[in-house]
Amino acid sequence: MSLKKINTVLAAAFILFLLWFGTEYILSPETTAPGYGLPSWLPGDGDGFLTIKGIRDAVLALVLGILLVTGHRRALGWVLLTEALAAYGDMTNVLAHHGSVATALGVHGLTATLMMVIGLLIMRETRHVAPAPGTPAPQPA
């Protein structure tokens, strides 16, 4: 199996996971919230803040999905690398608020690292992109 096919499967699976996860926070934040890793949640109507996280995750997935479907693979790699910062931010947030270290590292840290690995694999796959038609290739000096 080629690197491109492996990368496509990994990226598609991750995008679907991220979309599912974001949707869970939007549809049932109260049941999904304990998995985030913070020691306590806002009393009362704190679901709005959890919905924000769900919307963010769903939008991150949609951006990645659009890049994958339209074939913008190099951009997909860069966006995966950049979006990993959101998951690393979640990890830092949980650790900074004395949340579960296991969840911070095992959920958020692992997610961010997986994004980085997939992004780097796609960057490796696309490192030798041919110039666009009509664009002269650079000549050695």
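Which residues, taken from segment 108-122, are more than 12 Å from the chain's Cα centre (by Cα) and open to solvent by 20 Å² or more (accessible area, probe 1.4 Å)?
Looking only at segment 108-122, we keep the residues that are more than 12 Å from the chain's Cα centre (by Cα), and these are 120-122.
Residues satisfying the conditions are LEU120, LEU121.
Could you check segment 49-85 and list, in sequence order, the residues that are closer than 22 Å to SER28 by Cβ and surrounded by 17 or more Cβ atoms within 10 Å (Cβ to Cβ)?
Pass one, segment 49-85, residues closer than 22 Å to SER28 by Cβ: 49-62.
Hits for segment 49-85 are LEU50, LYS53, GLY54, ASP57, ALA58, LEU60, ALA61.
Pull up segment 78-101, narrow it to residues that are more than 11 Å from the chain's Cα centre (by Cα) and in contact (Cβ under 8 Å) with a residue 60 or more places away in the chain, then point me to the one that is nearest to LYS4 (Cα to Cα).
SER100
(1) among the aliphatic types (A, V, I, L, M); (2) in contact (Cβ under 8 Å) with a residue 60 or more places away in the chain; (3) out of contact with any Asp or Glu (no Cβ under 7 Å at 6 or more places or on another chain); (4) surrounded by fewer than 17 Cβ atoms within 10 Å (Cβ to Cβ): which one isn't true of MET1, the others all being true?
Status for MET1: all satisfied but (2).
The values are calculated or read from the model by the stated rules, or taken from the named source; none is laboratory data. Model, not experiment: these values are computed from the prediction. Using ideal geometry, Cβ is built from the backbone for each residue, glycine included, and neighbour counts are taken over all protein chains shown. Heavy atoms of the whole protein, side chains included, go into the accessibility calculation; ligands, DNA and RNA do not. Shrake-Rupley method; radii C 1.70, N 1.55, O 1.52, S 1.80 Å.
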